[in-house]
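What follows is one structure encoded as structure tokens, with my remarks underneath.
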Amino acid sequence: MSASASPPAWAVPLDAGSATPVYLQVAQGLERRIHSGELRPGSALPAERELAAQLRVSRVTVRQALALLAQQGLLTRRHGSGTFVAPPASETRPSRPLGLLSSFSEDVRSRGQTPGAQVLAFELGRPTPQEAMSLALSPGEGVYRLRRLRTSSGEPLAVEDSTLPAALVGSLSAPDVTDASLYALLGARGLGPRRAIRHLRAVNADPQLAGLLGVPVGAALLATERVSWTTGGRPVEYARAHYRGDRYDFVMELHGEPE
């Protein structure tokens with residue numbers, strides 16, 4: 001058989017008589033091709049419909065197989081673009097030092113990738129009781145409330161929700177925070193965060209977060225809640241974020257008591 005007639009790397013053989021579920025056969029076959037290098041990092045897989053037709057299985061079977069591989073970190077699914085073989089974990093799992101107050105954009109650029117910020121929601125409103133307490137505001141004061149999908153070279157990594165005191169921050173619009181660093185914007189206004197307290201916990205992705213981040217429902221996420229203060233001690237941001245557990249981790253340096 002000539003090279004031009006060779007089957008594509010994703011055309012894995014299936015055994016109809018096997019006791020192994022078909023979706024698992026598809027997942028295991030693709031996994032072997034990924035580990036062998038036949039399916040290279042960054043290469044695209046066909047759309048679900050095409051892959052199902054070529055393998056002669058149902059789309060549900062293909063969807064189950066791809067979801068399993070995405071959960072294992074072998075595939076990445078980009079909304080509107082398709083499914084791709086993920087780079088090695090050492091290249092794609094950014095870490096954020098817990099003791100360093102840095103922006104998402106700075107973290108991404110430090111790895112030679114391009115940060116992105118897609119605005120999902122933006123409004124000027126009144127603070128919730130939690131926001132008012134965290135930002136030391138009265139119930140009648142205004143806040144900017146924004147939700148953004150944060151990406152690294154096009155791959156979704158986190159969903160961030162930020163609340164900012166409107167009177168302190170000044171005029172703000174959705175274009176101001178699209179594909180831009182919020183910390184850099186605040187810094188340019190003399191409001192750069194200098195201290196923060198962050199709480200972390202593990203959660204499972206609900207359907208909305210799973211769809212935005214391209215992970216299966218129930219996938220592990222890192223949830224954070226943070227309040228940041230300026231040099232003058234004024235609360236400038238109350239933020240909640242959900243990071244993909246398969247693509248992001250936090251690093252903590254610990255020290256023992258001096259002897």
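Here are some notes:
- Cα-centre dipole for the stretch 23-64 with unit charges at Cβ (Lys and Arg positive, Asp and Glu negative), debye to 20: 80
- Sorting 49-57, 160-168 by average packing, meaning the other beta carbons within 10 Å per residue, from highest down gives 160-168, 49-57.
- Taken about its Cα centre, the stretch 113-196 carries a charge dipole of about 200 debye when Lys and Arg each add +1 at the Cβ and Asp and Glu each add -1 at the Cβ.
- Size of electric dipole in the stretch 155-214: Cβ of Lys, Arg +1 and of Asp, Glu -1, about Cα centre, debye, nearest 20: 440
- For the stretch 129-259, the solvent-accessible area with a 1.4 angstrom probe is 47 square angstrom per residue.
- The packing ranking, built from the mean of other Cβ atoms within 10 Å per residue, places the peptides 16-22, 199-205, 231-237, 26-32 in the order 26-32, 231-237, 199-205, 16-22, highest first.
- Note on Arg234 and Leu124: their simple-model spin labels are 1.7 nm apart, each label 7 Å out from Cα toward Cβ.
- A simple spin-label model places the labels of Ile197 and Glu141 1.7 nm from each other, with each point 7 Å out along Cα-to-Cβ.
- 19 Å cut-off, amide nitrogen to a point 7 angstrom out along Ala223 Cα→Cβ, residues in the stretch 114-132: 128-132
- Extended-chain gain in nm, criterion 0.36 nm per residue less alpha-carbon gap, Ala174 and Thr114: 19.6 nm
The values are calculated or read from the model by the stated rules, or taken from the named source; none is laboratory data. This one's a predicted model, so the numbers in the text were calculated from it and none came from an experiment. All Cβ positions, even for glycine, are placed from backbone atoms using ideal geometry, and neighbour counts span all protein chains on display. When the accessible area is computed, the model is the full protein with side chains, heavy atoms only, and any ligands, DNA or RNA have been set aside. Shrake-Rupley method; radii C 1.70, N 1.55, O 1.52, S 1.80 Å.
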